[in-house]
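So that we are looking at the same thing, I have put the structure below in structure tokens.
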């Protein structure tokens, strides 16, 4: 993995203080780019506590030298531990997501000696309880509104719903679609619609809100320009099994949908009639439609991504790309400018697929695999920053740089071992929506990101300017000395000639 960190740790030696009852302190040199290094003296227990905290948040850490059954007493034993600590600290300091962690910055006094490298922490600007599991959402930036679709996953409440609900009255909703206003950093619910089936997915475009349900049915809502409560509702039994993804194409006035039964269906919106259908392999788990390319990308439960041409009268199969991890694809994201598709697998691998330029999708191929935290659940892409936000099953949101493929920040969003089921970046806002199994919907504001490359460039310019200044002073000094030598020679010649 490429080293994009700004910090380097080493343990060159250790000291034993007899006046402190033989306490051993390990000398740790901290070197930061463009900053004079400093030395700290820490006990083994300080580093052990650090490792304990880091392992609760980060994956794939190097082995930490464990405690021994008997107390270390000899210099040889302390030296062996020093070597192991040196390797451990040197390794973790190469990871930008770790060195930006608050506990790391505090222990190694980054704030004190190199404050410009300390990343400002994201802050929660709003949060609220939500009693159902949120499955999907969509932000409407021009109106600052957020659609959310959720379903009831608690077995007891599901049973009560099946026993008490009927066609005319919903006592316990198995599914919800809600609209929230996000103006002035507030999350205010405007309206909601209930279902007798679990809701799984949604998509809004041009006044049409499409919701996919558990039993293969889709609901179509007609909304006005201000997104007030639905004016007209219609439903259709589109699939035989759970609908896992929907999309509305406003130009063609058709609905694209995928299902657990492996079918990709195109339906006319106006009279809810099948237009075309394609049977693909495995359970279809996620759908991403790129209207610019007129291409549909579909992930399945076996680790494959299907690429379909939806520009023709009938949908055309283009290509299937198999990811390195033959694991369920849980989410998709795209960088359309660079021609990259990101496919997140359940086991924690992020496959980057090169889809090429417009019209070259037939040559798409798996390019590189990025190892993320285990059991990824959701991803979201920020086009402006070229960052991927990845939610996992242990409550963290990891930010990965698209340029390097390396984690650059880790946010403990929902506490230890709280599965995150939603991560959604609000474009052009520096805000992020997260939801976890703790049933709390959180609204985060991310600070302006520190551009480490710019800091490194400035440091290089400062060092270069200092070097040039020293060279100028040196040249001036040499020139002055030469003039002085010439003057002395002229004076000697004058004396010689006038004797």
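This table checks each residue for (1) surrounded by 12 or more Cβ atoms within 10 Å (Cβ to Cβ); (2) not in a loop (DSSP other than H, G, I, E, B).
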residue	(1), (2)
4	yes, no
16	no, yes
24	yes, yes
30	yes, yes
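Based on this model, can you work out whether residue 344 counts as part of a strand (DSSP E or B), surrounded by fewer than 20 Cβ atoms within 10 Å (Cβ to Cβ), modelled with pLDDT of 90 or more and touching a strand residue (DSSP E or B) at 6+ places or on another chain (Cβ under 8 Å)? Steps first, please.
Working: part of a strand (DSSP E or B): yes; surrounded by fewer than 20 Cβ atoms within 10 Å (Cβ to Cβ): no; modelled with pLDDT of 90 or more: yes; touching a strand residue (DSSP E or B) at 6+ places or on another chain (Cβ under 8 Å): yes.
The answer is no for residue 344.
If you don't mind, another one. Which one of 331, 276 is touching a residue at least 24 places away in the same chain (Cβ under 8 Å), surrounded by fewer than 18 Cβ atoms within 10 Å (Cβ to Cβ) and more than 14 Å from residue 354 (Cβ to Cβ)? Let's see the steps before the verdict.
Working: 331 fails: surrounded by fewer than 18 Cβ atoms within 10 Å (Cβ to Cβ).
That would be 276, the only listed residue that is touching a residue at least 24 places away in the same chain (Cβ under 8 Å), surrounded by fewer than 18 Cβ atoms within 10 Å (Cβ to Cβ) and more than 14 Å from residue 354 (Cβ to Cβ).
Hey, another quick one. Give just the number: which of (1) under 31 Å from the mean Cα position of the chain (by Cα); (2) modelled with pLDDT under 95; (3) more than 13 Å from residue 177 (Cβ to Cβ) does residue 218 not satisfy?
Only one criterion in (1) under 31 Å from the mean Cα position of the chain (by Cα); (2) modelled with pLDDT under 95; (3) more than 13 Å from residue 177 (Cβ to Cβ) is unmet by residue 218, namely (3).
Here's another thing I want to ask about it. Let me spell it out: the conditions are (1) under 28 Å from the mean Cα position of the chain (by Cα); (2) buried (at least 18 other Cβ atoms within 10 Å of the Cβ), and residue 49 meets all of them except one. Which number is the exception?
(2)
Please work out if residue 303 is under 22 Å from the mean Cα position of the chain (by Cα), at positive phi and either surrounded by fewer than 19 Cβ atoms within 10 Å (Cβ to Cβ) or modelled with pLDDT under 90 (or both).
Working: under 22 Å from the mean Cα position of the chain (by Cα): yes; at positive phi: yes; either surrounded by fewer than 19 Cβ atoms within 10 Å (Cβ to Cβ) or modelled with pLDDT under 90 (or both): no.
So residue 303 fails the test.
Let's see how each residue does on (1) under 20 Å from residue 408 (Cα atoms); (2) exposed (fewer than 14 other Cβ atoms within 10 Å of the Cβ); (3) in contact (Cβ under 8 Å) with a residue 12 or more places away in the chain:
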residue: 37; (1), (2), (3): no, yes, no
residue: 58; (1), (2), (3): yes, no, yes
residue: 81; (1), (2), (3): no, no, yes
residue: 84; (1), (2), (3): no, no, yes
residue: 97; (1), (2), (3): yes, no, yes
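Then there is this: Out of the residues in the stretch 388-412 that are touching a residue at least 40 places away in the same chain (Cβ under 8 Å) and closer than 16 Å to residue 341 by Cα, state the one that is farthest from the chain's Cα centre (by Cα).
Checked the stretch 388-412; the qualifying residue farthest from the chain's Cα centre (by Cα) is 404.
Still on this structure, please answer the following. Which residues, counting only those in the stretch 37-60, are touching a helix residue (DSSP H, G or I) at 6+ places or on another chain (Cβ under 8 Å) and part of a strand (DSSP E or B)? Steps first, answer last, please.
The first filter runs over the stretch 37-60 and keeps only residues touching a helix residue (DSSP H, G or I) at 6+ places or on another chain (Cβ under 8 Å), leaving 38, 42, 44, 46-47, 50-51, 53-54, 58.
Once the filter is applied, which keeps residues that are touching a helix residue (DSSP H, G or I) at 6+ places or on another chain (Cβ under 8 Å) and part of a strand (DSSP E or B), the stretch 37-60 yields 38, 42.
Any residue in the stretch 62-78 that is in contact with a strand residue (DSSP E or B) (Cβ under 6 Å, 6 or more places away or on another chain), crowded, with 16+ Cβ neighbours inside 10 Å and at pLDDT below 95? Please lay out each step first, then the result.
Keep residues of the stretch 62-78 that are in contact with a strand residue (DSSP E or B) (Cβ under 6 Å, 6 or more places away or on another chain), which gives 78.
Restricting the remaining residues to those that are crowded, with 16+ Cβ neighbours inside 10 Å gives 78.
Add one more test, that the residue is at pLDDT below 95, and what stays is 78.
Yes.
The values are calculated or read from the model by the stated rules, or taken from the named source; none is laboratory data. These numbers come from a predicted model, not from an experiment. As a convention, Cβ positions derive from the backbone with ideal geometry for all residues, glycine included, and neighbour counts pool all protein chains shown.
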